[in-house]
Amino acid sequence: MAPIHRLTATDLPRLRQFWRERWGEEIMIAHGAEFGPENVSGFIALNGNDWVGLVTFVFNESECEIISLDSLTQNEGVGTALVNAVAEEARQLQCRRVFLSTTNDNLRSLGFYQKRGFVLSALHSNAVEETRKRKPSIPLIGENGIPLRDEIELEMALTPDPSPK
């Protein structure tokens, strides 16, 4: 398993490049909110000096929102380790849940998160149309030939950290 390290300010140029390569732009938009590299926290999975995984997230009051998750290797536990790192930090900060949005075409992501304890919590019909106005690089047709239209929110309820403070 690749070691997990906290994203730091010195990683921001690489984060910008990573998002451009993986997501087409260096901004993320979820539920109408825009997120840039300077507005997120994150963890990086490393193989030597190479990034093999990245998760970015933000804290809002008693919630933690995952903004992006990328694993460059499949079935090696990188994505799971990154999600677990976020959930552990959220528990320590006494968040009541971790949540995220994905799109209706992303069947792999929907399966991944549900296998790790996330449940479907909201459907935002046609939300991608609004997002596409601000991020025109989003295609009309997504993975598996499915029209890219909706945002699906998933959440994991957190129990408080049982360790004494």
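The values are calculated or read from the model by the stated rules, or taken from the named source; none is laboratory data. Quick caveat: nothing in here was measured; it's all calculated off a predicted structure. For the accessible areas, the whole protein counts, side chains as well, though only heavy atoms, and no ligand, DNA or RNA atoms are used. Shrake-Rupley method; radii C 1.70, N 1.55, O 1.52, S 1.80 Å.
Brief remarks follow.
- Between Ser71, Ser137, Ser41, the GNM of the chain built on Cα springs shorter than 10 angstrom shows Ser137 fluctuating the most.
- Computed [θ] at 222 nm, deg cm²/dmol, the chain (DSSP H ≥ 4; -39,500 (n - 2.57); rounded to nearest 500): -8000 deg cm²/dmol
- In terms of accessible area, using a 1.4 Å probe and ignoring ligands and nucleic acids, Phe43, Phe57 rank largest first as Phe43, Phe57.
- Rg/Rg_globular for the chain, with Rg_globular taken as 2.2 N^0.38 Å and Rg from C-alpha atoms: 1.02
- Counting only protein heavy atoms and a probe of 1.4 Å, the accessible surface of the chain is 51% carbon and sulfur.
- If you sort Thr102, Thr73 by accessible surface, 1.4 Å probe, largest first, the order is Thr73, Thr102.
- Here, the stretch 10-89 yields an orientationally averaged convex hull projection of 5.7 nm² when only Cα atoms define the hull.
- Along the stretch 24-41 the Karplus relation, 6.51 cos²θ - 1.76 cosθ + 1.60 evaluated at θ = phi - 60°, assigns HN-Hα couplings of x, 8, 9, 10, 10, 10, 9, 6, x, 9, 9, 10, x, x, 6, 9, 10, 9 Hz to successive residues, with x for each Gly and Pro.
- Within a Gaussian network of the chain (alpha carbon springs, distance under 10 Å), most fluctuating of Leu12, Leu100, Leu110: Leu12
- log10 of Debye I(q)/I(0), alpha-carbon scatterers only, for the stretch 75-114 at 0.33 Å⁻¹: -1.10
- Where the chain is the region considered: accessible area per residue in Å², 1.4 Å probe: 54 Å²
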